[in-house]
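Since the structure comes first, as structure tokens, the remarks are kept for the end.
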Amino acid sequence: MSVSTSPIVIIVGTNRPNSMSRKIADYYQGILSQLGATSIILDLVNLPDDFTVSALYGNTGKNEAFNNLKSLLEQTDKFVFIVPEYNGSYPGVLKAFIDGLPYPNSFSNKKAALVGLSSNPQGATIALSHLNDVFSYLGMNTLAMRVKLGQIRSSYQDNVMSNALYKELLEIQAGQIIHF
């Protein structure tokens, strides 16, 4: 196992402003930093409002704001996806973002860790399964350890993870993605 020198890109899997996913992404970035790994956060809140028409299909490469976000993906071979559960799966904006990336090379032979968030006790289990299926199709290698943070609002407040198990799982997974 070798440690990559390129930054790990942490993707906030929603475009909801002030999302819990962004808070957990910031927390995860802190863990990676403590472990000596560099990382960049790509927050889908920064996607252009019209990217599904101005940056996809016949307009590929024509939206500079989308191109800037897409370029972050080219800088790395490792990702952490912080994925909230929306209606029993992952957010449509994440799927649209993935669909807008060059196929098949954007994720082929790259590596990812998956973290699911939900208000219910399941921690986005089905959402992570759906996303893992997409990544398998695209040739992405995902860590077997998927961290599922159920009832997240009762476990994370004011930049503190009060759930000791969640804290430990995130730390273990962060170590794994560094050495994956």
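A few points about this structure:
- The chain - percent of accessible surface contributed by carbon and sulfur, probe 1.4 Å: 49
- In the elastic network of the chain, a GNM with C-alpha springs shorter than 10 Å, the most mobile of PRO104, PRO91, PRO48 is PRO104.
- Taking every lysine pair in the range 8-179 that is 8 or more places apart or spans two chains, those with Cα atoms closer than 15 Å amount to 8.
- For the range 8-179, size of Cβ-based charge dipole, Lys and Arg +1, Asp and Glu -1, in debye: 220
- Annotation: amide H of ALA112 within the under-5 Å range of PHE79, ASN141, THR142, LEU143, sequence separation 5 or more or interchain, hydrogens built in the peptide plane.
- The range 1-78, dipole about Cα centre (Lys/Arg Cβ +1, Asp/Glu Cβ -1), debye to the nearest 20: 160
- Under the Karplus curve 6.51 cos²θ - 1.76 cosθ + 1.60, θ = phi - 60°, whole-Hz ³J(HN,Hα) for the range 34-41, x wherever Gly or Pro sits: 4, 8, x, 9, 8, 8, 10, 9
- Amide H within-cut-off set for ILE41, under 5 Å, with H built and near neighbours excluded: ILE10
- Rg of the Cα atoms in the chain, relative to 2.2 N^0.38 Å, amounts to 0.97.
- For the range 74-145, the spherically averaged projection of the C-alpha convex hull amounts to 4.6 nm².
- Summing Cβ point charges (Lys, Arg +1; Asp, Glu -1) relative to the Cα centre of the range 54-153 gives a dipole of roughly 200 debye.
- Zero-based 10 Å bins, Cα pair distances in the range 18-121, whole percents: 13, 44, 36, 8, 0
- Listed residue (LEU101, ALA127, TYR57) projecting farthest to the positive dipole end of the chain, Cβ model: ALA127
- Kirkwood radius, the range 106-159, all distinct C-alpha pairs, inverse of mean reciprocal distance: 11.9 Å.
- Note on the chain: with a GNM built from Cα contacts shorter than 10 Å, the maximum mean-square fluctuation among ALA25, ALA124, ALA144 falls on ALA144.
- Length-normalised contact order of the chain in % [C-alpha pairs under 8 Å, at least 6 apart]: 24
- Extended-chain gain in nm, criterion 0.36 nm per residue less alpha-carbon gap, VAL160 and SER71: 28.9 nm
The values are calculated or read from the model by the stated rules, or taken from the named source; none is laboratory data. These figures come from a predicted structure and were not determined experimentally. Backbone-built Cβ (ideal geometry, glycine too); neighbour counts: all protein chains shown. What goes into the accessible areas is simple: the full protein's heavy atoms, side chains included, and nothing from ligands, DNA or RNA. Shrake-Rupley method; radii C 1.70, N 1.55, O 1.52, S 1.80 Å.
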